[in-house]
Amino acid sequence: MSMTEVDAFLQSLMTTAPAHLVTQVAWAWPICETLHFIGLVLMTGVVGVIDLHVLGGLRGIGFNALHRLLPWGIVGFVLCLTTGAMFFAAAPEQYFYNQAFHIKATALLFMGLNVTAFYLWAAPRLARGDGAAPAPAFARFMALLSLLLMVVVIGAGRMLTFFRPPFNW
Amino acid sequence: MPILLWLEDSGLSVWLRESPSLFAFPGVLFLHTLGLAMLVGPNVAINLALLDRKERIPPEPLRGLYPLMWSGFWINAASGALLLLAYPTKAVTNPLFFAKLALVAYAMMYLQWLKPMLRDLPANAPDRRRRHRMAVTSLALWAGAILFGRLLAYTYSTLMATDLV
């Protein structure tokens, strides 16, 4: 794909229905931003609390019991992904050529790898325990990485406005 | 409003508004969002744990989240004060700003009222209903605070004191 093809694709996103919704309907953009932030607290709240548990906090709750909250974290992530995709479709070049977005997307990618590794190797072991014994070192590393990546995603997300092209070129 | 003019002319206010440094306005906004995640994230998790239908999550250990949530609160009180200092007129001329503060204050009171209830699962139905009602109210208060906070960027009438004729 050449750069002109990429640009043509980005341009075409702006004519899609989600892009129209978020730019043409009054208050749609702020409402979607609000949903993006509600998704943020749902996801970071649930995932962060599970991470803190794996790191040794909140003793007295079993991993399986706490893990019952995870569907709400997934709801939060889906909210963020949906509204985020709408913002991207509405102003693709503002994101595609934005260094803060590159950092945010990379951190999200690492988050996906981390969560995959966690469920492949750490979660089955933690699910068998009663929550009293400390988690294995590699599981604690993944939990710490998860918290750090969430901070990077929040930070880079906040910086998007200030790295909007072409102002930063 | 001389006090608004004076605030906007202060060195810190001008630096926050006009400095190209990422540690100025962008950095303060980042801290405000980090504080949000530290305070509202765990509070939401506590509310959802209390609403868990099978009541498998023992609430008592969730008290351990209070120091983290209060740290988030103070980060946001400080970063919020800096955001206010950067654009005082913009905030105080918007009724939504005061509505947001009221919702945050109310949500914090709920958080403190909830703390003594984070004990063993309630044996009787009235206690259970009361706790569920508090959890739902707390979730609604935070959703409202986030909504009003976001709307502040779209609903202000006057940006600077010099715009007040």
I'm trying to understand the selection: among the residues of the range A:113-159, which are out of contact with any Lys or Arg (no Cβ under 7 Å at 6 or more places or on another chain), at pLDDT 95 or above and within 14 Å of chain B (Cβ to nearest Cβ)?
A:Ser146, A:Leu147, A:Leu148, A:Leu149, A:Met150, A:Val151, A:Val152, A:Ile154, A:Gly155, A:Arg158, A:Met159
What about A:Thr106, is it under 20 Å from A:Met14 (Cβ atoms), in a helix (DSSP H, G or I) and not aromatic (Phe, Trp, Tyr)?
no
Mind checking whether some residue in the range A:52-68 is facing chain B (nearest Cβ under 9 Å), farther than 15 Å from B:Ala49 by Cα, in a helix (DSSP H, G or I) and open to solvent by 30 Å² or more (accessible area, probe 1.4 Å)?
yes
Would you be able to say whether some residue in the range B:14-30 is over 14 Å from the mean Cα position of the chain (by Cα), modelled with pLDDT of 95 or more, farther than 24 Å from A:Thr44 by Cβ and of a type in the set (Asp, Glu)?
yes
Checked the range A:109-131 for anything in a loop (DSSP other than H, G, I, E, B) and open to solvent by 70 Å² or more (accessible area, probe 1.4 Å); matches are A:Asp130
Only one residue in B:Thr89, B:Thr137, B:Thr93 is hydroxyl-bearing (Ser, Thr, Tyr), more than 25 Å from B:Ser10 (Cα to Cα), out of contact with any His (no Cβ under 9 Å at 6 or more places or on another chain) and open to solvent by less than 70 Å² (accessible area, probe 1.4 Å), so which one is that?
B:Thr137
Take the residues of the range B:25-51 that are open to solvent by 10 Å² or more (accessible area, probe 1.4 Å) and of a type in the set (Gly, Ala, Ser): which is farthest from B:Val104 (Cα to Cα)?
B:Gly27
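Do you know which of the residues in the range B:52-74 that are open to solvent by 50 Å² or more (accessible area, probe 1.4 Å) and among the hydrophobic types (A, V, I, L, M, F, W, C) is farthest from the chain's Cα centre (by Cα)?
B:Leu68
Name the residue, out of B:Phe30, B:Phe23, that is farther than 16 Å from B:Met108 by Cα and either at the interface with chain A (Cβ under 9 Å from one of its Cβ atoms) or part of a helix (DSSP H, G or I) (or both).
After applying the criteria, what remains is B:Phe30.
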Would it be correct to say that B:Ala86 is modelled with pLDDT of 95 or more and in contact with a Lys or Arg (Cβ under 6 Å, 6 or more places away or on another chain)?
yes
Filter result (of a type outside the set (S, T, N, Q), open to solvent by 50 Å² or more (accessible area, probe 1.4 Å), farther than 30 Å from A:Val41 by Cβ and not in a loop (DSSP other than H, G, I, E, B)) within the range B:147-165
B:Asp163
So which residues in the range A:2-38 are out of contact with any Ser or Thr (no Cβ under 7 Å at 6 or more places or on another chain) and closer than 21 Å to B:Leu34 by Cα?
A:Pro30, A:Ile31, A:Glu33, A:Thr34, A:Phe37, A:Ile38
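The values are calculated or read from the model by the stated rules, or taken from the named source; none is laboratory data. Since this is a predicted model, take the numbers as computed values, not measurements. Every residue, glycine among them, receives a Cβ derived from its backbone with ideal geometry; neighbour counts consider all protein chains shown. Please note that ligands, DNA and RNA were not included when accessible areas were found on the heavy atoms of the full protein model with its side chains. Shrake-Rupley method; radii C 1.70, N 1.55, O 1.52, S 1.80 Å.
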